[in-house]
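Just so you know, all these numbers are worked out from the coordinates, no wet-lab data involved. What you see is a predicted model, and the numbers here were worked out from it, not measured in a lab. In this analysis, Cβ positions are derived from the backbone assuming ideal geometry, glycine residues included, and neighbour counts consider all displayed protein chains.
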Amino acid sequence: MLVRILFAAVAAFPIVFMLVSSLKPDTQIFGDMSSVAAFLPVGNISFDNYAAVFDRVPAARFLVNSIGISAVTVVLGIFINSLCAFALSRMEVRGKRVVFTVILATLIVPFQTLALPLVWWVNQLPYFELNGFSLEISKGWLDTYQVQIIPFIANAFSIYLYHQYFESIPKELDEAARIDGAGWFKIYRQVVMPLAGPATATVAILTFLPAWNSYLWPLMVVQSEELRPVMIGIQYFFQLNVSWGEVMAYASLITVPVVVLFIAFQRSFINSIASSGVKG
Amino acid sequence: MTTSPLATRPRPAATTPAPLPSAPHRRRAGFLREQISGWGMIAPAALLLLLFVFLPAVLGFGLAFTNARLISPRPVEFVGTDNFARLFADPTFWRALLNVTYFAVVVVPVQSALALAMALLINKKFRGVNFFRTVYFLPVVTSMVVVSLLWLFMYRKDGLINELLSTFSFGLIQGADWLNDPATAMPAIIALSIWQAAGFHMIIWLAGLQSISGELYEAAQLDGASRWHQFRYVTWPGLKHTRSLVLVTITIQALGLFDQVSVMTQGGPLDSTTTIIYEAVRSGFKQQETSYASAISLVFFVLVLLISAVQRYLTREKD
């Protein structure tokens, strides 16, 4: 138990320091540094730094953008990747081995190596817009919402996780459902997916985090302030005089929603493992 | 199990065992339907991966042999291996390679071991397991950009890290100016990287641990196996697939080091923290030399392929 607590202390201390410092004026942050007060909300505590953050950057807009972008990426990602993994794992599709191998091979290409050709490439893609009754076609996805969403929906790692999980669900369930006359999509939706809660929770978390945290990509493809996600907001704090209290307040502001969401997901993660009876 | 709606429904096939009419024909129709539905299910993800991973990767490969710039009025020309000749003659590139190797050699074993230790610590049910699980994963849900900012602040000469070191050593250790000293900048980045990412791999280990049947442990306990023997003969073999996955992902992530360097040191001091990807982004985005950046990316990609091939060979199933 002592080891567990030690690990927990190491994992938590910088985050506690960040949250606590966000409530203090700069002079006190440095004054408290050499004592345990650095981790305690004591002294001159206020939300002044947070008020200053909303004055300095359009933080509300950035938050709404990031929430929207992440939510759409997660929902579509869960659907498309699990569907793909379902066919690869549980159906006798000709050529599926090749497809799965190729999909896994894409895991080996890190995003950073793709980023630069991808910027060029998304700028060549057509963009369809329904304007009233007329369909307008324009070129280039730069500076849009979809350039922040669509390239990140399909994910080889999500497919891999679902595939692993689907392999552990007995195939006899599919056969029983097929004898009952269920089609493949019905088996996917009513037999396999309800049992794949833990995999879905994991995929949701692992899709949401990079979507919320993306920095390099929006930096290169988004120019308009009203389309920017939260991480880009950090730049605003180093433009004039740096106030570390404000930096810590903004850092807390964009971290706390994720932590809250994770704790909610964590509960469903554990519950679904317990209730779906994976272990038999 | 949650399949009750299907399981409780009466099964006409079982109650009326009449011979199926023209079985081969039915099988062929079913086969065709399976092919069509299967490909229909694979297609959305496969097409998106093709469009946004495969094609850009191939494109990057091609651009590496041209003189393409991000924005340029000149037409793109084939220049052969000029970019590679320039790259291999660049001492900064070799320095970046060395830095990334240093980073990976420390991070891969330390981080995977710590992540496994954390997963083992919270695998069993006990009071407060949810609390520890959540706390261990906290650094992962904190963005690397935020983490880098936070540690940038903590690594200052008058920052929290030095204050903690001084307090716990009763004033014996006088802290370094971590990020501004070529000797300590990389170790500082290594420490924060492990701190941030260990929880992620803990989750992967945990998924592997929980796929191991509890009956195996019960059987081992009945046989009087010690905790070490349970780990050695049940847990470790049961983690075979997870193990290679964790090793490969940590290595690739380590080689792809970028965010921390970009926020904290910009490759400095004296190129002591520059990385391959940082050099690629610096030349590709800041200097707009798409072709040179593509050449770096290609070398990086070959390196990643080589290392995962070696790793896969080393962790292969030994018959």
### Query
Got the relative contact order for chain B handy, in percent, Cα pairs under 8 Å and 6 or more residues apart?
26
### Query
Which whole-angstrom value gives the distance between the alpha carbon centres of the range B:143-196 and the range A:69-88?
39
### Task
Shielding by partners for A:23-30, please: the mean number of other protein chain Cβ atoms within 10 Å of each residue's Cβ.
1
### Query
Kyte-Doolittle mean at least 0.5 and Cα extent at least 30 Å along the axis: which DSSP H helices of chain B qualify?
B:91-121, B:185-210, B:290-314
### Query
Which whole-number value in Å³ per residue fits the convex hull of the alpha carbons of the range A:54-276?
172
### Query
Which value at 222 nm does chain B reach when only helices count, each DSSP H run of 4 or more adding -39,500 (n - 2.57), with the total divided by all residues and rounded to the nearest 500 deg cm²/dmol?
-20500 deg cm²/dmol
### Summary
Gyration tensor on Cα atoms of the range A:2-148, a ≥ b ≥ c root eigenvalues, a/c under 1.5 rounded, else prolate if a/b beats b/c, else oblate, says oblate
### Query
Hey, what number do you get for chain A at 222 nm if only DSSP H runs of n ≥ 4 count, each worth -39500 (n - 2.57), divided across all residues, to the nearest 500?
-19500 deg cm²/dmol
### Query
Exposure proxy check: B:TYR233, A:TYR160 ranked by fewest other beta carbons within 10 Å?
B:TYR233, A:TYR160
### Task
Return a whole-number percent for the relative contact order of the range B:46-102, with Cα pairs under 8 Å and 6 or more residues apart as the contact set.
21
### Query
Among B:ASP82, B:ASP223, which comes first, then next, by fewest other beta-carbon atoms within 10 Å?
B:ASP223, B:ASP82
### Query
Using the Cα gyration tensor of the range B:119-180, with a ≥ b ≥ c the square roots of its eigenvalues, what is the shape: rounded (a/c below 1.5), prolate (a/b larger than b/c) or oblate (neither)?
oblate
### Message
Using Cβ contacts closer than 10 Å as the measure, can you line up A:THR255, B:THR66 from fewest to most?
### Response
B:THR66, A:THR255
#### Entry: Relative contact order [Cα under 8 Å, 6+ residues apart], chain A, whole percent
29
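Between B:THR167 and B:PHE231, what is the FRET efficiency for a Förster distance of 35 Å, r being their Cβ-Cβ separation, to the nearest 0.05? Display every interim value, and only then the final one.
Working: r = 36 Å, r/R0 = 1.03.
Rounded to the nearest 0.05, the efficiency is 0.45.
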### Amide H contacts of B:THR66 (H built 1.01 Å from N, under 5 Å, at least 5 apart or other chain)
B:VAL79
### Query
Given chain B, what whole percent of its Cα pairs are spread farther than 38 Å?
38
### Task
Calculate one ³J(HN,Hα) per residue across the range A:218-231 by plugging θ = phi - 60° into the Karplus curve 6.51 cos²θ - 1.76 cosθ + 1.60, and present them in order as whole Hz with x for glycine and proline.
x, 4, 8, 10, 10, 9, 5, 4, 6, 9, 6, x, 4, 5
### Task
Quick one: grab the alpha carbon gyration tensor of the range A:1-46, order the square roots of its eigenvalues as a ≥ b ≥ c, and give me rounded if a/c is under 1.5, else prolate or oblate depending on whether a/b is larger than b/c.
prolate
### Query
Over all distinct alpha-carbon pairs, what is the Kirkwood Rh of the protein assembly as shown in angstrom?
26.4
### Task
Compute the distribution of all C-alpha to C-alpha distances in the range B:107-146, in bins of 5 Å from 0, and list the percent of pairs in each, rounded to whole numbers.
5, 21, 23, 24, 17, 8, 2
### Task
Mean Kyte-Doolittle of at least -1.0 plus a Cα span of 20 Å or more along the axis: flag which DSSP H helices in chain A meet both, please.
A:2-21, A:59-90, A:197-213, A:244-276
## Note on the structure
The answer for B:GLY268, listing residues at least 5 apart or on another chain whose modeled amide H is closer than 5 Å to its amide H, is B:THR273
